[in-house]
Amino acid sequence: MNLSKELERIKIFNKVNFAVLTTNLEKLKKQIPDVQQDLQVHRDFFKLIHQTWLQAFNLEPELLNLSKEEANALKNYFYANHLILRCKQSAVRVSPKIWEEIEDKMLRV
C-alpha cells in the first residue's frame with residue numbers, strides 16, 4: 001500500500017485508479033498466507049498480487065517480459081531521469097515553469 005500511495009503522490013500515472021488499487025491491496029493484506037502453509041498457497045497468493053498490479057496499470061503480462069537490451073535501455077532511461085531530477089534539486093536559476101516542461105517531456109506520456 002505504501003508503494004501505491006507513493007505512486008499516486010508523484011503523479012506520473014494518470015490512468016490508474018489508486019483508490020481501487022489501495023482497496024484491493026488492503027483486501028489482499030488480510031489474506032496473506034501463514035508461513036506454515038505450503039508453497040503452492042504462497043505461489044497462488046503471489047499471482048493474486050501480480051494480477052492486482054497488472055489490472056491497476058492495465059498491463060498485459062507479456063509486456064513485462066523484457067529482453068536484456070530492453071531492460072538495460074529502461075535502466076539507462078531511469079538513471080538519466082534521476083540525474084536530471086537531482087540537477088533540478090540543485091538548480092537555483094531555472095524557473096519552476098521550465099522544470100515543469102522538462103518533467104513533462106521526461107516522464108509523462
With only Lys, Arg, Asp and Glu charged, each at its Cβ (+1 for the first two, -1 for the last two), find how big the charge dipole of the chain is about the Cα centre; round to the nearest 20 debye. 460
Quick one: how many lysine pairs does segment 66-106 have with C-alpha atoms less than 23 Å apart and a gap of 8 or more or different chains? Give me the count, please. 5
Given Phe45, Phe18, Ile32, which one lies farthest toward the positive end of the charge dipole of segment 2-63, if we put +1 on the Cβ of every Lys and Arg and -1 on the Cβ of every Asp and Glu? Phe18
So if I average 1/r over every pair of distinct C-alpha atoms in segment 2-63 and take the inverse, what Kirkwood radius in Å does that give? 12.8
Rounded to the nearest 10, the angle in degrees between the Cα long axis of helix 18-29 and the longest principal axis of the Cα atoms of the chain comes to 30
Taking only the alpha-carbon positions of segment 66-106 and ignoring solvent, what does the Debye formula give for the base-10 log of I(q)/I(0) at q = 0.19, 0.33 Å⁻¹? -0.61, -1.08
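Give the shape of segment 30-105 as rounded, prolate or oblate, defined through the alpha-carbon gyration tensor: a ≥ b ≥ c are the square roots of its eigenvalues, a/c under 1.5 means rounded, and otherwise the shape is prolate if a/b is larger than b/c and oblate if not.
Verdict is prolate for segment 30-105.
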Based on alpha-carbon centroids, what's the gap between segment 8-42 and segment 55-105 in Å, whole number please? 24
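Every number here is computed from the coordinates shown, using simple stated rules; none is lab data. Here the structure is a predicted model, which is why all the values come from computation and not from measurement. Reconstructed Cβ throughout: ideal geometry from the backbone, glycine too, with neighbour counts over all protein chains shown.
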